[in-house]
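*Asks:* Sharing a structure with you now.
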Amino acid sequence: MRIVVFSLFLLLFSCKGGSLLVADKHSYPIPVDTTTRPIQQQQKKTYSLGGLMASNDFPAARLNKFLQENDSTYIARIWPENFPINPSPWYAFKLWSETERKVYVKLDYSNGAKHRYTPKLSKDGEGWTQLDSTLLQLNQDSTAATIRLKVGKDTLWVAAQEIQDHKRVGAWVDKMAQKPEVSQSTAGKSALGRDLYHLNIFKGKDYSKRPTIMIISRQHPPEVTGFMCMKAFVETIVEEGTVNGFLDRYRVMVYPLMNPDGVDLGHYRHNTGGVDLNRDWAEYHQPEVRQVTTHMVRETALAKNDVVLGLDFHSTFNDVYYTPDESVARKIPEFTKAWLEKVRVATGLEDINESPGKISRPTSSGWYNQQFGATGITYEIGDKTPREFIKKKGVESARAMMELLLEE
């Protein structure tokens, strides 16, 4: 009986635009075709050349081919999943040798992409250090980078950034869900069946009719620094929002890994549909965006939540905030400037790198505004931003947000 009543409720209940608990379709001045296109899978294998072994047989690996040039020099070919693509050449592989020695590995992109990420090294896939800059040399047009490494019988991990694959993100989700203010679920499954993690954060017995903040991360697989900042941001909300009253008044919904297939397959940018997910927030051709937006709309509609803010954590060459300009109507128009000024002061920055703009492409930040009338912000962290500063920025951004929204 309860199932029948609930089903009738779903049929009768309509959200903005008349849709049945799913996201509206939206139009943008610059539309993007996000229908599925083919990708090229890398072959998982272990290479053995001249006493040196190289493997891409692990989640988040990217090594399309491994060749030997001479006794001490090897070529690692790193190709994207398909074209055209925003060239963010991710690489990750393991090396070990029968004898301890020094080798040169040329990261060869061979497709017009330029070297972007300074190599990170690890002995166990958990603790990471950055390669000394004196051990890296770029070719003339930066389409290849040669790195000098010391290898031996113990495995050496080499990656563009610290590896945060689906399993590792899941461990963080499990840890967060041990807090009494946090519950975990999934918004659905990726195209290859991986969980689309979700954290629901609030204090008390009921989160209905509460203003709500939405947070997402990792639409683009290599963007690990944005994920690091998101973690610090969410952890601060949980730790301090229970004390300052924020979680008594607000609901926070977090989707920390939007593109788990792309992450585990070592993609440059796309999902397994060969699409940039941050261009699919209009027609929802890709299952990841379709399921997450449906989850967002359904959950907030049933609880009668008012979504006021949406944050999407990314990485790029330098820290920057992509914010709505003054022409974009939103529920709390005064929030952005006040928030960024608080972040600037708390982090000791002389200036804050803000890039305001109109809603033009079908991205998540524009979608937050079109779907809910909320303030949508793309929060970008630089590839080379020091890790301690990333954490500080996440912490202080969360504190500033809570302080301002508690004044509302």
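The values are calculated or read from the model by the stated rules, or taken from the named source; none is laboratory data. Nothing here was measured: the structure is a model prediction, and the numbers come from that model. Counting neighbours? That spans all protein chains shown, and the Cβs are built from the backbone with ideal geometry, glycine included. Remember, those area values only see protein heavy atoms, side chains included, never the ligands or the DNA or RNA. Shrake-Rupley method; radii C 1.70, N 1.55, O 1.52, S 1.80 Å.
*Asks:* Does residue 115 qualify as being assigned to a loop (DSSP other than H, G, I, E, B) and either under 18 Å from residue 138 (Cα atoms) or open to solvent by less than 10 Å² (accessible area, probe 1.4 Å) (or both)?
*Replies:* Judged against the criteria, residue 115 is a match.
*Asks:* Just to verify a result, which residue in the stretch 275-326, among those that are crowded, with 23+ Cβ neighbours inside 10 Å and among the small types (Gly, Ala, Ser), is nearest to the chain's Cα centre (by Cα)?
*Replies:* Of everything passing the filter in the stretch 275-326, 315 is nearest to the chain's Cα centre (by Cα).
*Asks:* Right, here's the next one. Those residues that are over 21 Å from the mean Cα position of the chain (by Cα) and surrounded by fewer than 13 Cβ atoms within 10 Å (Cβ to Cβ), I need them from the stretch 342-357; list them, please.
*Replies:* Within the stretch 342-357, 345, 348, 350, 351 qualify.
*Asks:* Which of the residues spanning the stretch 291-317 are part of a strand (DSSP E or B) and either at pLDDT below 95 or not β-branched (Val, Ile, Thr) (or both)?
*Replies:* Scanning the stretch 291-317 gives 306, 309, 310, 311, 312, 313, 314, 315.
*Asks:* Only one residue in 77, 37, 62 is open to solvent by less than 10 Å² (accessible area, probe 1.4 Å) and among the charged types (D, E, K, R), so which one is that?
*Replies:* 62
*Asks:* Continuing with this model, one more query. Only one of (1) open to solvent by less than 70 Å² (accessible area, probe 1.4 Å); (2) hydrophobic (A, V, I, L, M, F, W, C); (3) farther than 22 Å from residue 163 by Cα fails for residue 83. Which number is that?
*Replies:* That leaves (1) as the condition not met.
*Asks:* May I pose another question? What number of residues in the stretch 122-141 are in contact (Cβ under 8 Å) with a residue 12 or more places away in the chain and either open to solvent by 30 Å² or more (accessible area, probe 1.4 Å) or in a helix (DSSP H, G or I) (or both)?
*Replies:* 9
*Asks:* Under 6 Å by Cβ, and 6 or more places apart or on different chains, what pairs join a residue from the stretch 250-271 that is outside any loop (DSSP other than H, G, I, E, B) with one that is modelled with pLDDT of 95 or more and hydroxyl-bearing (Ser, Thr, Tyr)?
*Replies:* 251/207; 251/212; 260/190; 261/190; 261/272
*Asks:* So, in the stretch 95-110, of the ones that are over 30 Å from residue 37 (Cα atoms) and assigned to a loop (DSSP other than H, G, I, E, B), which residue ends up most open to solvent (accessible area, probe 1.4 Å)?
*Replies:* 100
*Asks:* When you look at residue 311, is it within 19 Å of residue 86 (Cα to Cα) and of a type in the set (A, V, I, L, M, F, W, C), yes or no?
*Replies:* Against the criterion (within 19 Å of residue 86 (Cα to Cα) and of a type in the set (A, V, I, L, M, F, W, C)), residue 311 does not qualify.
*Asks:* Among all residue pairs at least 6 apart or on different chains, which show Cβ distances below 8 Å where the first residue, located in the stretch 275-300, is closer than 14 Å to residue 26 by Cβ and the second is at pLDDT below 95 and of a type outside the set (Ser, Thr, Tyr)?
*Replies:* If the second residue must be at pLDDT below 95 and of a type outside the set (Ser, Thr, Tyr), the pairs left are 293/22; 297/15; 297/21; 297/22.
*Asks:* Has the stretch 221-229 got at least one residue that is charged (D, E, K, R) and either modelled with pLDDT under 95 or surrounded by fewer than 24 Cβ atoms within 10 Å (Cβ to Cβ) (or both)?
*Replies:* no
*Asks:* Can you tell me which residue in the stretch 23-68 is nearest to residue 364 (Cα to Cα), limited to those that are in contact (Cβ under 8 Å) with a residue 60 or more places away in the chain and outside any loop (DSSP other than H, G, I, E, B)?
*Replies:* 62
*Asks:* Exactly one condition in (1) touching a His at 6+ places or on another chain (Cβ under 7 Å); (2) under 17 Å from residue 156 (Cα atoms); (3) among the aliphatic types (A, V, I, L, M) is not met by residue 95; state its number.
*Replies:* Single failed check for residue 95: (1).
*Asks:* Would the stretch 72-94 turn up any residue that is more than 16 Å from residue 266 (Cα to Cα), touching a strand residue (DSSP E or B) at 6+ places or on another chain (Cβ under 9 Å), modelled with pLDDT of 95 or more and not in a strand (DSSP E or B)?
*Replies:* Yes, the stretch 72-94 contains a residue that is more than 16 Å from residue 266 (Cα to Cα), touching a strand residue (DSSP E or B) at 6+ places or on another chain (Cβ under 9 Å), modelled with pLDDT of 95 or more and not in a strand (DSSP E or B).
*Asks:* Any idea which residue in the stretch 235-246 is nearest to residue 184 (Cα to Cα), counting only those that are under 24 Å from the mean Cα position of the chain (by Cα) and open to solvent by less than 10 Å² (accessible area, probe 1.4 Å)?
*Replies:* 238
Condition check ((1) in contact with a helix residue (DSSP H, G or I) (Cβ under 9 Å, 6 or more places away or on another chain); (2) assigned to a loop (DSSP other than H, G, I, E, B); (3) of a type in the set (A, V, I, L, M, F, W, C); (4) on the phi > 0 side of the Ramachandran plot) across all residues:
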position: 339; (1), (2), (3), (4): yes, no, yes, no
position: 361; (1), (2), (3), (4): yes, yes, no, no
position: 371; (1), (2), (3), (4): yes, no, no, no
position: 377; (1), (2), (3), (4): yes, no, yes, no
position: 381; (1), (2), (3), (4): yes, no, yes, no
position: 384; (1), (2), (3), (4): yes, yes, no, no
position: 396; (1), (2), (3), (4): yes, no, no, no
position: 404; (1), (2), (3), (4): yes, no, yes, no
position: 408; (1), (2), (3), (4): yes, yes, no, no
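*Asks:* Related question: Look at residue 167 and say whether it is surrounded by fewer than 16 Cβ atoms within 10 Å (Cβ to Cβ) and within 27 Å of residue 273 (Cα to Cα).
*Replies:* Yes: the conditions hold for residue 167.
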